[in-house]
1. Calculate for the chain the 222 nm mean residue ellipticity that helices alone would give, adding -39,500 (n - 2.57) per DSSP H run of length 4 or more and normalising by residue count, nearest 500 deg cm²/dmol.
2. When ranked by the protection proxy of mean other Cβ atoms within 10 Å per residue, highest first, what sequence do the peptides 32-42, 74-84, 57-67 form?
3. Using Cα atoms only, what is the angle between the long axis of helix 67-76 and the major principal axis of the chain, expressed in degrees (0 to 90) to the nearest 10?
4. Alpha carbons only, please: Rg and Dmax for the chain, in angstrom.
5. Could you work out the local net charge near MET76, counting Lys and Arg as +1, Asp and Glu as -1, over the other residues with Cβ closer than 10 Å to its Cβ?
6. Tally Lys and Arg at +1 and Asp and Glu at -1 over the other residues with C-beta under 14 Å from the C-beta of LYS56: what net charge comes out?
7. Extension gain GLU25-GLU50, at 0.36 nm per residue separation less the Cα-Cα distance, in nm?
Amino acid sequence: MEILQLKRLQALDLFENLMDSIPPEISKLSQLRYLDLGNNEFTQLPSEIEALTELKILNLFMNPISKEEIARIEAMLPHCIVIYE
């Protein structure tokens, strides 16, 4: 079973996996409340992440992501705490 089929998934920990992208289909995880993408290689996230309206915490700590991209993400997810420093 693929993770993206788990419609009721509330927490996803992808910390320290050398990842540099996530698929736009992440938006299908509509019940996601916690997403840990820390210590990876992300420089941006897909705009579809905006569909994660239940997301409360997004960890982007230790990623080579610009302040501008952080601001864009925060604007898309005003209900979410974005951890990046």
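No value in this document is a laboratory result; all are computed from the given coordinates. What you are looking at is a predicted structure, and each value in this text was computed from that prediction instead of being measured. We place every Cβ from the backbone using ideal geometry, glycine too, and count neighbours over all the protein chains shown.
1. On the way: 1 runs with 10 residues, N = 85.
Calculated from helices alone, the mean residue ellipticity at 222 nm is -3500 deg cm²/dmol.
2. Values: 32-42: 19.5, 74-84: 14.1, 57-67: 15.9.
For the peptides 32-42, 74-84, 57-67, the packing ranking is 32-42, 57-67, 74-84.
3. The answer is roughly 30 degrees.
4. 11.7, 36
5. On the way: positive: ARG72; negative: GLU48, GLU50, GLU74.
Here the charged neighbours net out to -2.
6. Values: positive: ARG33; negative: ASP36, GLU54, GLU74.
Local charge sum for LYS56: -2.
7. Details: separation 25, 0.36 × 25 = 9.00 nm, distance 1.15 nm.
Value of the extension gain: 7.9 nm.
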